[in-house]
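In what follows, a single structure is set out as structure tokens and then discussed.
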Amino acid sequence: MKSALTVLLTLPLILAAIGIVNQDAAAEDETSNLAKVDYPTDYRYWTHLKSMILLENHPIADTFGGLHHIYANDAALTAMTDGEPYPDGAVFVFDLMEVVTDDEETATTEGPRIRKDVMQKNEKLWSETGGWGYETFKGPDNKRIITDPVASCHGCHASQENNDFVFSTFRE
Ligand code: HEC
């Protein structure tokens, strides 16, 4: 049997360990409520919908400044062209690159990637945000950075409710 002294000496360690475990569980809980958006492995083979450059003086340039390309997977493209609601499995990628202009200022092209923003449809998993899961994969390590998809993403996409929360449209 452990002596009282041993218990007293190890108690703080035990409490600290429980605290750490609980903190981990809490941190886990914050994000585990939210299903994770899948990393869009092969999106560069999907359909390119459009591109746009947000210049430095754009109101959201701090987050989205640069040259972005938007891609749709087959499920998203079919629904878009048929004018149907997006089915589970529809995915869009907003691929943001730096803007590079040559020294002579004669041409502008894309530089290194800044971030990829993804919307993935699943009515059950993301019912709180119109059936869309939102994630940002940032930098070369594709680090997931979204903890509050309403504040970071859905609040603004909500303006497109009549278009199932999607801004982009299809052109031939
Ligand atoms: C301030 C408004 C705003 C916020 C915040 C915002 N978006 Fe968007 N998003 C847009 C607009 C506008 C477009 C269309 C851009 C274009 O036409 O090139 C867009 C396009 C997209 C697309 C392509 C599909 C579509 O709707 O056209 C994806 C994917 C996307 N956003 C993901 C995200 C994610 C993930 C977040 C959160 C990190 C986010 N967005 C936050 C305004 C916003």
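Values computed for the structure shown
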read-out: Number of positions in the stretch 75-107 that are within 16 Å of the ligand (Cβ to nearest atom) and not in a loop (DSSP other than H, G, I, E, B); value: 15
read-out: Selected residue (criterion: least open to solvent (accessible area, probe 1.4 Å)) from residues of the stretch 40-74 that are of a type in the set (A, V, I, L, M, F, W, C) and assigned to a helix (DSSP H, G or I); value: Ala61
read-out: Residue match in the stretch 119-126 (condition: near the ligand (Cβ under 8 Å from one of its atoms) and either open to solvent by less than 80 Å² (accessible area, probe 1.4 Å) or free of Cβ contacts under 8 Å to residues at least 60 places away in the same chain (or both)); value: yes
read-out: Residue in the stretch 106-118 that is surrounded by 19 or more Cβ atoms within 10 Å (Cβ to Cβ) and over 16 Å from Ile53 (Cα atoms) present; value: yes
read-out: Search result, residues across the stretch 151-172 that are assigned to a helix (DSSP H, G or I), within 10 Å of the ligand (Cβ to nearest atom) and over 11 Å from the mean Cα position of the chain (by Cα); value: Ala151, Gly155, Cys156, His157, Ala158, Ser159, Gln160, Asn163
read-out: Complete set of residues in the stretch 138-150 that are more than 7 Å from the ligand (Cβ to nearest atom) and free of Cβ contacts under 8 Å to residues at least 60 places away in the same chain; value: Lys138, Gly139, Pro140, Asp141, Lys143, Ile145, Asp148, Val150
read-out: Selection from the stretch 75-102 of residues that are without any contact (Cβ under 8 Å) to a residue 60 or more places away in the chain, over 26 Å from Pro140 (Cβ atoms) and open to solvent by 40 Å² or more (accessible area, probe 1.4 Å); value: Thr78, Asp82, Gly83, Glu84, Pro87, Asp88
read-out: Glu135 being away from the ligand (no atom under 11 Å from the Cβ) and either under 21 Å from Tyr43 (Cβ atoms) or outside any strand (DSSP E or B) (or both); value: no
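The values are calculated or read from the model by the stated rules, or taken from the named source; none is laboratory data. As the structure is a computational prediction, the values presented were derived from the model and not from experiment. A quick note on method: Cβ atoms are made from the backbone with ideal geometry, for glycine too, and the neighbour counts reach across all protein chains shown. Calculation scope for accessible area: heavy atoms of the full protein, side chains included, ligands and nucleic acids excluded. Shrake-Rupley method; radii C 1.70, N 1.55, O 1.52, S 1.80 Å.
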